[in-house]
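A quick write-up on the structure given underneath.
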Amino acid sequence: MEFSIYQESRRGARRSNQDRIAYCHSKDALLMLLADGMGGHLHGEIAARIAVQFITEAFRREATPALPDPALFLRRSITGAHHAIIGHAAEGGLGEAPRTTCVACVVQDSGASWAHAGDSRLYHIRDGTTLAQTKDHTRVQQQIDQGRLREDVAATHPERNQVFNCLGSARPPQVELSGAVRLHSGDTLILCSDGLWGPLSSKIISNAVLKSGIMQAVPELMDEAERRAGRECDNLSVIAMTWEENSKAVRPAQTPARGTQTYAAVPVQHAAVQPRREQGAADLQNGYLSDDEAERAIADIRNTTRRRPNGKA
């Protein structure tokens, strides 16, 4: 199992970064995961953090070294993360649970399976063509599907952020699964939050990957997304992986790009959560909030909830 992987998360123009990204792998399986905490609800970054922690820990337990059923793992772990968020809110006495989107992908046996809830996306790109793209769980996407809205105006629609399917809501998420997809050497999988795909079309993304490869294309795409969004730029996060099957072992450049991690298969599990520190974001310790940080976040949620009638905005 040989692949190149790039990950990066940026705050954009927001006060803090509520996105969380991670990947981990065993000898025979790779998990990539992105969660976008929903800013319209209290402390979405806590929900995103719980989702990433729960799903990566499940992968570490079950990928020994392969997952028996990747699709089943994705559905169970994402649903389990939702219940972990609900449980966290109940234990903290919160009037409303924090919420997050989630997109996750497992690569195993030269194939990929992915699942999502919300509007965080996955793109499967080959030779500059987008072969597959997840469908957003938003009111705007529903209107597009019904023929009531053109797709080219979706990115600027005032209701584009109205997500109806996520982790942490009163209803369990409807986890949308892909079928297993065979990967060819050179295929790229991109998981990203709406801070990236909102300003950029799938054609722009796929062309950039074809032209430059993920190590150069991803940071350039993030720069362009920030430029286009300007003062309205949301948090933007990306995990990009290029499959290198039947190629020589991939080696990192002498001066790796930000967030670059390059691997051939290794005999031990490795996990990485985006390490970049953002102003206003909590320090990362092995990808988790410290006990003090978690307690402060819970206290903030309680105080804000008490000031709101019925705990709602």
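None of the figures in this text is laboratory data; all of them are computed from the coordinates on show. All values reported here derive from a predicted model rather than from experimental measurement. No Cβ is skipped: glycine too gets one built from the backbone with ideal geometry, and neighbour counts run over all protein chains shown.
Got a sec to turn the phi values of segment 165-170 into Karplus ³J(HN,Hα) couplings, 6.51 cos²θ - 1.76 cosθ + 1.60 with θ = phi - 60°, whole Hz, x for Gly and Pro?
Along segment 165-170, the couplings run 9, 7, 8, x, 7, 5 Hz.
If I stretch the segment between residue 151 and residue 91 completely, what's the gain in nm (0.36 nm per residue apart, minus their alpha carbon distance), one decimal?
Length difference between fully extended and current span is 17.4 nm.
Using 0.36 nm per residue, how much length does the chain from residue 76 to residue 61 gain when fully extended, once their Cα-Cα distance is taken away?
Result for the pair: 4.1 nm of gain on full extension.
Find how much the distance from residue 182 to residue 139 grows on full extension, using 0.36 nm per residue of separation minus their present alpha carbon separation; answer in nm with one decimal. List each step's numbers first, then the result.
Values: separation 43, 0.36 × 43 = 15.48 nm, distance 3.14 nm.
Length gained between residue 182 and residue 139: 12.3 nm.
Need the C-alpha centroid separation for segment 1-78 versus segment 126-201, integer Å.
Using only Cα atoms, the two centres lie 17 Å from each other.
Average the reciprocal distances over every distinct pair of alpha-carbons in segment 1-158, invert the result, and give the Kirkwood radius in Å.
17.0 Å
Mean separation of Cα pairs under 8 Å and 6+ residues apart, divided by the residue count of segment 104-194: what relative contact order is that in percent?
Numbers: 141 pairs, mean separation 38.9, N = 91.
Result for segment 104-194 is 43 percent.
Counting other Cβ atoms within 10 Å of each Cβ, which trypsin sites (Lys or Arg not before Pro) in segment 128-230 have at most 15 and sit in a DSSP loop?
Of the trypsin sites (Lys or Arg not before Pro), the ones in loops of segment 128-230 whose Cβ has at most 15 other Cβ atoms within 10 Å are 135, 148, 150.
What trypsin sites (Lys or Arg not before Pro) in segment 1-64 are in a loop by DSSP, with at most 12 other Cβ atoms within 10 Å of the Cβ?
For trypsin sites (Lys or Arg not before Pro) across segment 1-64 that sit outside H, G, I, E and B with at most 12 neighbouring Cβ atoms in 10 Å, the list reads 15.
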